[in-house]
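All of the numbers you see were taken from the coordinates with simple rules; none came from a lab. Only a predicted model underlies this, so the values are computations on that prediction, with no experimental measurement involved. Note that we place each Cβ from the backbone using ideal geometry, even for glycine, and neighbour counts take in every protein chain shown.
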Amino acid sequence: MADWFTDNSLLLGLALLDGLANAALIFMVAVGLNLVFGVLRIVNVAHGSLFAIGAYAAASIGMFFAARGLPPWMGYVALVLAAVAIGAVLGPLIERLLLRRIYGHEDVLQLLVTFALFMILEDVQKLVWGVQPVSQDAPLKFLGTVDIPFGEDVIPFTAYQLFVIPGVAVVTLLGLAWFLRRTLTGRVIVAVTTDKEAATAMGIDAARITLLTFSFGAGLAALGGALASPTLALVPGIGAQTIVLSFAVVATAGLGQIEGAALTALLIGLGRSIAVYFAPEFEVVVPYLIMVAVLLVRPQGLFGVIETRRV
Amino acid sequence: MTDAVTRRAAMLGAGATAGSLLFAGSGAKAQGKPSELRVGITTFLSGSASVFGVPAKQAAELLFEEVNKAGGIGGVPVRPIFVDEAPGTDHLVGEFRRLVQNEGVQLIFASISSGSCLACTPLSDEMKKTTVLWDCGTQRIFEEGQHPYAFRTQGYGTPEVLAPLLYLLKHKPDFRTLAVINQDYAWGRDSWELWKSAMDVLKPGVRVVAEMFPRFGATDYSTEVTRLLAARPDVILSTSWGGDLVTLLRQAAERRLFDRSTFVLPVCEPSLPTLGRTMAAGHIIGTRGDHWNNHPSPKDPARLKRFVDAYRAKYNDYPIYPCHHMAQAISATQAAYAKAIAAKGGGWPNDAELAAAFRGLTFDTPTSSITLREDGQGLEDQIVGISSFNAQYPFAVPKDMILFPAAMVSTPVGRKSVDWLKSLTPDFLNQIPAPIAG
């Protein structure tokens with residue numbers, strides 16, 4: 001076993017770098033879903049569509065900037081603008097018009113409504129951006145590549161992949177932890193998450209908190225899409241691909257657990273990249289193998305808490 | 001009681017008479033020319049494969065509009081009825097029956113997905129409805145059974161994989177290592193099996209350093225690209241398409257993978273306009289046929305130009321290969337009806353007569369002629385070339401193109417593709433034609 005690690009240490013090093021970037025992207029999408037479930041208790045199937053629309057919006061804004069001859073670094077501004085716009089416009093619209101009507105209803109109704117929303121948003125994407133792949137990679141090209149030594153060879157990685165994506169994920173994780181534990185609004189959100197009834201009885205405007213949280217979650221999904229957009233080709237269906245993996249992360253982490261989402265994303269990201277090198281046939285199932293393994297031992301998820309049933 | 005029986009008998013008699021008249025009427029109508037020719041078309045209108053399906057639908061609308069302006073087919077206006085094949089084969093099977101039984105379509109164009117075609121062809125047998133397989137590529141359709149009402153109006157997987165392999169063996173005969181990265185579904189796996197079967201006999205000893213089949217619709221290939229950079233294969237094969245291929249090639253370009261290995265991309269033509277200058281020069285590219293928009297010597301240059309210009313004018317895009325495949329299906333339909341009507345002395349053909357007209361049919365495309373073999377498979381030439389840039393196109397187009405005659409690269413009737421490929425010998429390489437001028 002030790003020999004195997006020695007023989008493959010260089011490849012494992014590469015897999016670690018790939019896995020970190022992969023995990024960062026997974027975390028960015030899953031954390032919004034997790035936050036929304038924690039507060040609203042709604043499994044939002046349309047979360048993947050917010051990721052996709054964030055990605056499309058970032059590409060469109062980036063192309064708009066490029067067409068007007070603005071400097072390439074403005075591509076990063078485009079990423080942030082897209083996330084803010086989705087969080088500030090689409091998030092409140094969805095929460096006010098749809099989700100507010102189904103809080104506390106049967107799970108199946110919530111699933112049906114958010115699935116219907118997912119289908120509508122998928123068609124909206126096709127109407128607005130068409131079906132041909134859309135690409136805008138200015139933020140990726142702006143930072144260029146970094147050569148990582150690999151024996152006598154070098155392996156070029158994009159600086160965007162090595163530094164920007166993991167950096168944003170770490171900042172998001174630390175920022176969210178600080179926000180939820182150190183600010184008044186954050187503590188109010190935690191209070192609503194823990195016991196909405198008691199929080200309301202103490203004068204907290206739960207409706208405002210749910211609106212705020214959903215918009216924030218939508219913004220995080222859009223930011224995940226915006227961050228991913230320079231590295232991928234945007235086509236119909238990317239939202240559906242994203243949401244499946246996000247659900248696996250959320251289920252493994254424990255619903256509503258931010259740090260759990262980060263650790264799970266890391267496990268899945270590393271697991272997938274190691275599989276690509278040493279057992280590519282298993283790459284697709286690694287997230288689900290990890291999920292099954294965790295849930296067998298801890299059915300409430302890695303960081304989940306066993307709740308007593310209210311009668 | 002007697003009165004009641006009499007009334008019932010009278011009503012039954014009236015009903016039977018009316019029914020028989022109606023039946024006779026509809027039978028008579030079926031012999032005559034219909035008021036419109038309804039064509040059911042299954043294609044991807046949603047999901048990731050809509051990058052192929054929607055342009056093909058647009059091509060159908062454009063071409064049927066032209067057909068109708070010119071008087072229709074056999075004097076009958078054509079009405080296409082589109083069905084989305086994205087919900088899956090179970091849904092599609094139901095839609096196929098609905099198109100035949102409720103919509104009364106005279107023929108069906110099916111489909112992009114090989115799985116869809118495998119589901120539809122048995123239905124064409126059962127319902128005796130002519131079915132034109134307009135885009136799917138699986139070799140299994142006509143190698144695993146006979147389908148008297150099914151016809152494929154373009155090439156299929158075997159020639160579409162063998163031609164790029166032959167091009168590689170001609171262009172870069174000294175390669176020693178190869179990696180494959182295909183989508184994880186039937187086409188990705190089948191095309192690799194076809195390639196490997198042929199490569200092992202035409203150039204034995206090539207070492208496969210990586211076999212990767214990422215999830216269909218994967219949004220990130222950075223790990224796969226790292227592995228390919230580390231493995232440094234001489235050649236990288238990918239039969240991927242759509243957004244998957246664009247993402248893979250963009251990440252490969254950004255990390256200089258194009259500088260280390262020669263890519264062979266048999267299905268990349270639809271992705272080239274999106275890739276623009278991101279695609280590197282000097283790699284082997286294919287288009288599932290011979291219908292490159294920059295074909296150096298098309299059979300009917302004016303017709304090719306007219307189609308490309310009309311499509312660009314209407315949709316602001318270049319037509320990609322599914323558009324050409326749709327055009328081929330429509331050309332074949334026109335030719336088959338003309339043949340069937342002539343054979344019937346001007347009468348309108350029934351289902352069996354239409355199917356008989358398709359068998360052995362030769363029809364013209366803008367770039368060549370395609371003949372439908374006795375098993376229903378179309379013989380379409382394959383053109384493969386090297387990616388390059390010129391002043392005319394803002395994206396890569398092929399140069400040093402080799403036209404592989406369909407008969408050379410297609411599995412003979414009655415044989416299985418993998419068995420046939422395994423029976424080839426290195427002498428087969430002597431048959432590779434010289435590049436075409438232009």
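The figures follow:
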item: Stretchable slack from B:Ala434 to B:Ala338, in nm (0.36 nm times residue separation minus alpha-carbon distance); result: 30.9 nm
item: For the range B:219-299: rounded, prolate or oblate by the Cα gyration tensor [a/c cutoff 1.5]; result: prolate
item: Extension gain from A:Leu289 to A:Leu109, taking 0.36 nm per residue of separation minus the Cα-Cα distance; result: 61.9 nm
item: Vicinal HN-Hα couplings computed from phi for the range A:2-13 (Karplus, 6.51 cos²θ - 1.76 cosθ + 1.60; Hz; Gly/Pro x); result: 4, 4, 4, 5, 5, 5, 10, 4, 5, 5, 5, x
item: Label zone at B:Arg232, where the point sits 7 Å out along the Cα-to-Cβ direction: the range A:133-161 residues whose backbone N lies under 14 Å; result: A:149-156
item: Charge sum, other residues only, whose C-beta stays under 11 Å from B:Ser261's C-beta, Lys/Arg counted +1 and Asp/Glu -1; result: +2
item: Global form of the range B:119-274, assessed from the alpha-carbon gyration tensor, a/c cut-off 1.5; result: prolate
item: Extent along principal axes [Cα atoms of the protein assembly as shown; Å; largest to smallest]; result: 91, 88, 54
item: Rounded if a/c under 1.5, otherwise prolate or oblate - the range A:137-200, Cα gyration tensor axes; result: prolate
item: Amide H partners (placed H, <5 Å) of B:Ala150, local residues excluded; result: B:Thr131
item: Nearby lysines by direct alpha-carbon distance to A:Lys126 (threshold 25 angstrom, same-chain neighbours under 8 apart not counted); result: B:Lys57, B:Lys314
item: Residue exposure sequence - B:Thr333, A:Thr172 - by fewest surrounding Cβ within 10 Å; result: A:Thr172, B:Thr333
item: Most mobile of B:Asp419, B:Asp290, B:Asp375 in a GNM of chain B (Cα contacts under 10 Å); result: B:Asp419
item: Sorted by Cβ neighbour density within 10 Å, fewest at the top, the residues A:Leu17, B:Leu237; result: A:Leu17, B:Leu237
item: C-alpha center-to-center spacing [the range A:287-305, the range B:130-199] in angstrom; result: 42
item: From phi via Karplus (6.51, -1.76, 1.60), per-residue ³J(HN,Hα) for the range B:110-124 in Hz, x at Gly/Pro; result: 9, 6, 8, 6, 4, x, 5, 5, 5, 7, 7, 5, x, 5, 5
item: Rg/Rh for the range B:274-396, where both radii come from Cα atoms and Rh is the Kirkwood radius; result: 1.07
item: Hits among lysines - C-alpha to C-alpha of B:Lys33 under 25 Å, sequence gap 8 or more where chains match; result: B:Lys69, B:Lys128, B:Lys129, B:Lys339, B:Lys344
item: Reachable lysines from B:Lys416, criterion Cα separation under 20 angstrom, eight or more residues apart if same chain; result: B:Lys196
item: Exposure proxy order (Cβ contacts within 10 Å, fewest to most) of A:Met63, A:Met28, A:Met74, A:Met119; result: A:Met119, A:Met63, A:Met74, A:Met28
